[in-house]
Amino acid sequence: MKTEVFQPSLLYDFHSFPKTRYQGSKLKLLQWISENLKSLNFDSVIDLFGGTGAVSYLFKTQGKIVVYNDNLKFNSIIGKALIENSSTRLTYKDVTKMLTQSSRKKYKTIIQDNFHDIYYTDEENKWLDVVTQNIHSISDPYKKAIAFFALFQACIIKRPYNLFHRKNLYMRTQNVSRSFGNKTTWDKSFEEHFKKFIMEANEAIFDNNMSNTALNMDAMDVPGNYDLVYIDPPYINSSGTGVHYAEFYHFLEGLVEYNNWIGQIDYKIKHRPIKTNKSEWCKADEILFAFNDVFKKFRKSIIVVSYRNDGTPSLSELKELLLKYKKTVEISTSGKYKYALSRNSNTKEILLIGT
Ligand SMILES: C[S@@+](CC[C@H](N)C(=O)[O-])C[C@H]1O[C@@H](n2cnc3c(N)ncnc32)[C@H](O)[C@@H]1O
């Protein structure tokens, strides 16, 4: 059993990408995205707002030279594990080691001390403190990235709403009847989830014979020229409320920044997020300028934007803006698509393709 657990499969397509729960993930739309882009001629691509890496992975399976980017560190580690990494996998021995508390090491207790009763139980916080520090001491960058990937996914799947936006451990622990969520998943041990996600990552890793990279930059600072730029920024709804990813996933950034975490925590807020500023991509009155800057910067590339019919700016405003830089803009609609975590069933997923 031990060896077969970590055997990779032989064939890769986007279905090999691990199932994750992340706001705005395009995993369920990969087939549709692939069909809409198949007539375009390109070899190199940048996924400027990479998130889970699902779309980068689609491009990787198509044999493109892929650059993944996201301004959150934890996300770029996922890009390193699944996109940049072509062959490194974790062995059973690696996993056993990172799950074992070493008697020779003095462990810090940052999560136990700062997040009691907020996201996880005391016992789970202790597990997180130990395993996070064990992962930090792995020297191979790809092994480390795969381990972090599995840790992030385990953290997300054990959270009500799959987010870190509230102090709501009580939703898991209170003995009440629930109309939402999955208590069995929340209560399954970290170790069990962690091992399962490692297996999934191990099976997803492959070499497309290209040199692919993962970056951790602001979209506007990314260097280089690419045949195609894929843009899937944070979504702002029609009433102007945007998704601030750093606020939703600060706990995962904290795991990556473990030794510097305490200095960054905002103790004035009950759920103890990391102090951050909202970027222009989350502000209704600034996002059009942000789109303009990115379109201008990448005007020589094919520009593909993932969008929604009910966002800010409106679809027609965005099309008009893209036409400033590209000769033609085609719009494709996916039909009815309901996002994970979204209550709005009328949302339609859109692709704008500027050539
Ligand atoms: C809609 S999600 C992308 C989802 C992704 N396509 C997927 O399938 O998982 C938007 C992403 O943009 C990232 N982001 C937000 N502001 C950014 C910025 N200024 N530069 C780069 N990435 C940014 C967020 O961290 C988030 O992961």
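The values are calculated or read from the model by the stated rules, or taken from the named source; none is laboratory data. Owing to the predicted nature of the structure, the values given are computational and were not obtained by experimental measurement. A quick note on method: Cβ atoms are made from the backbone with ideal geometry, for glycine too, and the neighbour counts reach across all protein chains shown.
Considering only the range 112-200, give the helices (runs of 4 or more DSSP H) lying wholly within it that have at least 1 residues that are under 19 Å from Thr52 (Cα atoms). Show your work before the answer.
Numbers: elements: 122-136, 141-157, 170-173, 183-187.
So the answer is 141-157.
To keep it simple, each residue is scored yes or no on (1) among the hydrophobic types (A, V, I, L, M, F, W, C); (2) out of contact with any Ser or Thr (no Cβ under 6 Å at 6 or more places or on another chain); (3) at positive phi; (4) buried (at least 19 other Cβ atoms within 10 Å of the Cβ).
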residue	(1), (2), (3), (4)
Lys73	no, yes, no, no
Ser76	no, yes, no, yes
Ile83	yes, no, no, yes
Ser87	no, yes, no, no
Thr91	no, yes, no, no
Lys97	no, yes, no, no
Thr100	no, yes, no, no
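Selection of the range 214-234 for residues being surrounded by 16 or more Cβ atoms within 10 Å (Cβ to Cβ) and either over 17 Å from Gly311 (Cα atoms) or basic (Lys, Arg) (or both) yields Ala214, Leu215, Asn216, Ala219, Val222, Tyr226, Asp227, Leu228, Val229, Tyr230. Taken together, Ile269, Ile302 contain a single residue that is more than 10 Å from the ligand (Cβ to nearest atom), in contact (Cβ under 8 Å) with a residue 60 or more places away in the chain and among the β-branched types (Val, Ile, Thr), which is Ile302. Checking each residue in the range 92-144 for being acidic (Asp, Glu) and closer than 26 Å to Lys270 by Cβ picks out Asp113, Asp117, Asp122, Glu123, Glu124, Asp129.
Would you pick out the residues in the range 286-299 that are part of a loop (DSSP other than H, G, I, E, B) and in contact (Cβ under 8 Å) with a residue 12 or more places away in the chain? Lay out the reasoning, then the answer.
Looking only at the range 286-299, we keep the residues that are part of a loop (DSSP other than H, G, I, E, B), and these are 286, 298-299.
Those that are part of a loop (DSSP other than H, G, I, E, B) and in contact (Cβ under 8 Å) with a residue 12 or more places away in the chain: Phe298, Arg299.
In the range 272-284, of all residues being charged (D, E, K, R) and without any contact (Cβ under 8 Å) to a residue 40 or more places away in the chain, the one that is farthest from His136 (Cα to Cα) corresponds to Glu280. In the range 62-70, the condition of being outside any helix (DSSP H, G or I), of a type in the set (S, T, N, Q) and surrounded by fewer than 21 Cβ atoms within 10 Å (Cβ to Cβ) is met by at least one residue. Against the condition in contact with a His (Cβ under 7 Å, 6 or more places away or on another chain) and hydrophobic (A, V, I, L, M, F, W, C), how does Ile118 come out, does it pass? So Ile118 passes the test.
Exactly one residue among Asn208, Asn237 is away from the ligand (no atom under 11 Å from the Cβ), crowded, with 16+ Cβ neighbours inside 10 Å, in contact (Cβ under 8 Å) with a residue 60 or more places away in the chain and within 26 Å of Tyr161 (Cα to Cα), and that residue is Asn237. Scanning the range 28-48 for residues that are within 27 Å of Asp218 (Cβ to Cβ), surrounded by fewer than 21 Cβ atoms within 10 Å (Cβ to Cβ) and within 13 Å of the ligand (Cβ to nearest atom) returns Leu29, Leu30.
If only residues of the range 335-355 that are surrounded by fewer than 19 Cβ atoms within 10 Å (Cβ to Cβ) and in contact with a Phe, Trp or Tyr (Cβ under 7 Å, 6 or more places away or on another chain) are counted, the one that is modelled with the lowest pLDDT is Leu341. Phe289 falls short on exactly one of the conditions (1) among the hydrophobic types (A, V, I, L, M, F, W, C); (2) away from the ligand (no atom under 11 Å from the Cβ); (3) under 26 Å from Ala54 (Cβ atoms), and that condition is (3).
Taking each residue of the range 30-55 that is among the acidic types (Asp, Glu) and looking for partners that are within 16 Å of the ligand (Cβ to nearest atom) with beta-carbon atoms closer than 6 Å, six or more apart or interchain, yields Asp47/Val55; Asp47/Ser56; Asp47/Tyr68; Asp47/Tyr230. Check the range 6-20 and report whether any residue there is within 22 Å of His244 (Cβ to Cβ), near the ligand (Cβ under 9 Å from one of its atoms), at pLDDT below 95 and under 12 Å from the mean Cα position of the chain (by Cα). Within the range 6-20 (the criterion being within 22 Å of His244 (Cβ to Cβ), near the ligand (Cβ under 9 Å from one of its atoms), at pLDDT below 95 and under 12 Å from the mean Cα position of the chain (by Cα)), the answer is yes, since at least one residue qualifies.
With respect to Gly24, determine if the residue is in contact with a Ser or Thr (Cβ under 6 Å, 6 or more places away or on another chain) and near the ligand (Cβ under 10 Å from one of its atoms). Explain how you work it out, then say what you get.
Working: in contact with a Ser or Thr (Cβ under 6 Å, 6 or more places away or on another chain): no; near the ligand (Cβ under 10 Å from one of its atoms): yes.
When the stated conditions are applied, Gly24 does not pass them.
Residues in the range 311-320 include at least one that is within 15 Å of the ligand (Cβ to nearest atom), under 24 Å from Tyr161 (Cβ atoms) and hydroxyl-bearing (Ser, Thr, Tyr).
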